[in-house]
Amino acid sequence: MKYTTRVLWKKGAAEGFTDNKYSRVHQWSFDGGVAVKASSSPQVVPVPMSDASAIDPEEAFIAALSSCHMLFFLSIAASKSYVIEAYEDEAEGIMDKNENGQMAMTSVTLRPRVIFSDL
C-alpha cells in the first residue's frame, strides 16, 4: 500500500532566511484532498515564526498514534460483537532528551475513555 502527502513551504517575500527568523508555517496536503495548516511548535520555535493555531509535527505524531490505537480497538471490539457508542482519548506526548542527549518524543501516554452500548 502506498500513502502520499505533500508538504509545501515558501519563504515570505520580505523575510530573511539565514538569520533563522523565517516563518515555519507550511501546508500539509493529503491524498484524499484535505489540506491542513502546519507549523513548528511555538514551544520549540517562538511566535511569530511559529503559528500556535496550526498543527505541529509533535501534535500530529501523538494524534496518529492515538488514532491508530482507536481504530485497532474498535475493530477488535466489533469482531467480538461489542458495540462501542463513543471513544475519546486525551493523549499526551513528552519531548525530552533521549539517551544520546538529542531532543526526541520520549513517551506518549494514551488515555482512552470508551462508552460501550448497553445491548
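The values are calculated or read from the model by the stated rules, or taken from the named source; none is laboratory data. Predicted model, so just to flag it, every value in this text is computed and none were measured. We place every Cβ from the backbone using ideal geometry, glycine too, and count neighbours over all the protein chains shown. Side chains are part of the model used for accessible areas, which takes the heavy atoms of the whole protein and leaves out ligands, DNA and RNA. Shrake-Rupley method; radii C 1.70, N 1.55, O 1.52, S 1.80 Å.
LEU71 exposes around 100 Å² of accessible area when a 1.4 Å probe is run over every protein chain in place. With all protein chains present, how much of the accessible area of the chain (probe radius 1.4 Å) comes from carbon and sulfur, to the nearest whole percent? C and S fraction of accessible area: 57 percent.
Per residue, the accessible area of the chain comes to 74 Å², computed with a 1.4 Å probe over protein heavy atoms only. Computed with a 1.4 Å probe over protein heavy atoms only, the accessible area of PHE72 comes to about 130 Å². Close amide-amide hydrogen proximity is noted between SER23 and GLY12, each under 5 Å apart and 5 or more residues distant or on a separate chain (H modeled in the peptide plane; Pro and chain starts excluded).
Kindly state, to the nearest 0.05, the FRET efficiency for GLN102 paired with GLU59, given R0 = 30 Å and r defined as their beta-carbon distance. Efficiency, rounded to the nearest 0.05: 0.90. Distances between placed amide hydrogens fall under 5 Å for MET95 paired with THR106, all partners being 5 or more residues away or on another chain.
Taken over region 53-113, the alpha-carbon convex hull comes to 98 cubic angstrom per residue. Sorting ILE94, ILE62 by accessible area puts them as ILE94, ILE62; the probe is 1.4 Å, largest comes first, and only protein heavy atoms count.
Residues LYS80, LYS10, sorted by accessible area with the largest first, give LYS10, LYS80 [1.4 Å probe; ligands and nucleic acids excluded]. Computed 3J(HN,Hα) for region 60-77, one whole-Hz value per residue from the Karplus formula 6.51 cos²θ - 1.76 cosθ + 1.60 where θ = phi - 60°, is 5, 4, 5, 4, 5, 5, 5, 5, 4, 4, 4, 5, 5, 4, 4, 5, 5, 4, glycine and proline marked x.
Dividing the convex hull volume of the alpha-carbon atoms in region 1-100 by its residue count gives 188 Å³ per residue.
Close lysine pairs were tallied over the chain: pairs 8 or more places apart or on different chains with Cα atoms under 16 Å apart number 4. Measuring only protein heavy atoms, the 1.4 Å probe finds ASP31 accessible over about 110 Å².
Only beta bridges with both residues in the chain are counted; by DSSP, about 95 percent of them are antiparallel.
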